[in-house]
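Report on the structure given below.
Bear in mind these aren't lab numbers, they're just calculated from the coordinates by the rules spelled out. What you are looking at is a predicted structure, and each value in this text was computed from that prediction instead of being measured. Note: ideal-geometry Cβ built from the backbone for every residue, glycine included; neighbour counts use all protein chains shown.
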Amino acid sequence: MISRRSLCSGAAALPLVAVTDAKTAVADECAVFTNDRQKSVTLDDAIRMLKEGNERFVAGKSVNCNLLAQVRATAGGQAPFAAIVGCIDSRVPPELVFDQHIGDIFAARIAGNFVNSDIIGSLEFATKIAGAKAIVVLGHTECGAIKGAIDQAKLGNLTKMLENFNPAIEASKSVAGERSSTNKKLVQAVADTNAKLAAKMLVDKSDVLRELVEKKQLVIAAAMHDVGTGKVTFFG
């Protein structure tokens, strides 16, 4: 049978037997996450499913599901397998980038994908209470928040918010060239470092998340999404 995690939606071009298998695999792929299904997911599975979903996304083979059916199936509760901390950038919607569907993942989005006590508290709920097995801090290329922080942009509450990126900027001071957003290597270095520091902060600032990691009930990772290709690269 065709693997449900490598299936594309182009079943029409397949032989009859393969089409039957493809329909079965699509139904499996589009099934919502129940508590039992969530419990069966290992930490490695959680990251693998995100990686394979992104591979489908990049290849243009995203699985087409009946979203309204998923709305109805999840109306009484949810059991997502992962949580994503992403940027509000319109080009990086986690559900699409990882080819996931309603009820599959938690998504916390904030400009520049930094973490604070509110985000951390939300992730404690997502994992300790709701059972998610993985947290991925997802940065992206050409990040406007990173550029604004490097340029020390001034605008209302944005000015204060951009201070969250100062540690990543300081850690990237060895990057050669102009200290402005015109320096693409600097922008990317800060974006990479920011994602890694945010992932590290989750265990440094949360006893709850750290305990889950130590008990091997949770995996935390940082990753970078390329807005030019759609590809997500995981760090380490």
- prompt: Per-residue HN-Hα couplings for the stretch 122-133, Karplus 6.51 cos²θ - 1.76 cosθ + 1.60 at θ = phi - 60°, whole Hz, x for Gly and Pro?
  reply: 4, 6, 4, 5, 4, 9, 5, 8, 8, x, 4, 9
- prompt: Out of Val175, Val32, Val85, any idea which swings most in a Gaussian network model of the chain, alpha carbons joined below 10 Å?
  reply: Val175
- prompt: Nearest 10 degrees, 0 to 90: what angle lies between the long axis of helix 16-30 and the longest principal axis of the chain (Cα atoms)?
  reply: 50
query: Taking all pairs of different Cα atoms in the chain, averaging 1/r and flipping that mean, what Kirkwood radius in angstroms comes out?
result: 18.8
task: Would you be so kind as to identify which of Gly131, Pro93, Ser174 lies farthest towards the positive end of the dipole of the chain, taking Lys and Arg as +1 and Asp and Glu as -1 on Cβ and the Cα centre as origin?
output: Ser174
statement: Taking Cα atoms only, helix 43-59 is inclined relative to the longest principal axis of the chain by an angle, in degrees rounded to 10, of 90
statement: Which of Lys154/Lys196; Lys133/Lys205; Lys61/Lys200; Lys61/Lys133; Lys128/Lys160 exceed 22 Å between C-alpha atoms? The answer is Lys154/Lys196; Lys61/Lys200; Lys61/Lys133; Lys128/Lys160
statement: Phi-derived 3J(HN,Hα) across the stretch 192-205 with the Karplus relation (6.51, -1.76, 1.60, θ = phi - 60°), rounded Hz, x for Gly and Pro, is 4, 5, 4, 5, 5, 5, 5, 5, 5, 5, 4, 7, 6, 9
query: Dipole of the chain, Cα-centred, from +1 at each Lys and Arg C-beta and -1 at each Asp and Glu C-beta, to the nearest 20 debye?
result: 140
- request: Putting +1 on Lys and Arg Cβ atoms and -1 on Asp and Glu Cβ atoms, find which of Ala31, Gly156, Gln217 reaches farthest to the positive end of the dipole of the chain.
  value: Gly156
field: Fluctuation leader among Arg91, Arg72, Arg179 - the chain, Gaussian network, Cα springs under 10 angstrom
entry: Arg72
- prompt: Using a simple charge model, +1 on the beta-carbon of Lys and Arg, -1 on the beta-carbon of Asp and Glu, nothing else, what dipole does the stretch 90-221 show about its Cα centre, in debye to the nearest 20?
  reply: 240
message: Let me see the P(r) profile for the stretch 136-217: every Cα-Cα distance counted, bins of 5 Å, each bin given as a percent of all pairs.
response: 3, 16, 23, 21, 15, 11, 7, 4, 1
- request: Considering the options Val208, Phe235, Val115, tell which one lies farthest towards the positive end of the dipole of the chain, charges being +1 on Lys and Arg and -1 on Asp and Glu at the Cβ, about the Cα centre.
  value: Phe235
- prompt: Using a basic spin-label model with each label point 7 Å from the Cα along Cα→Cβ, how many nm lie between Lys39 and Lys231?
  reply: 3.9
- line: the chain, Gaussian network, Cα under 10 Å: of Glu142, Glu55, Glu170, the residue fluctuating most is Glu170
task: With r as the distance between the Cβ atoms of Arg179 and Lys128 and R0 = 45 Å, compute the FRET efficiency 1/(1 + (r/R0)^6) and round to 0.05.
output: 0.65
- request: Could you please state, rounded to a whole Å, how far the C-alpha centre of the stretch 206-236 is from the C-alpha centre of the stretch 136-159?
  value: 21
- prompt: Under a point-charge model restricted to the Cβ atoms of Lys and Arg (+1) and Asp and Glu (-1), what is the dipole moment magnitude of the stretch 141-195 relative to its Cα centre, in debye to the nearest 20?
  reply: 80
- prompt: What is the fewest-to-most order of Ser90, Ser180, Ser62 by other Cβ atoms lying within 10 Å of their Cβ?
  reply: Ser90, Ser180, Ser62
- prompt: Non-local amide H neighbours of Ile220 (under 5 Å, H modeled in plane, Pro and chain starts lacking H): which ones?
  reply: Ile135
message: Relative contact order for the chain: what percent, with Cα pairs under 8 Å and sequence separation of 6 or more?
response: 19
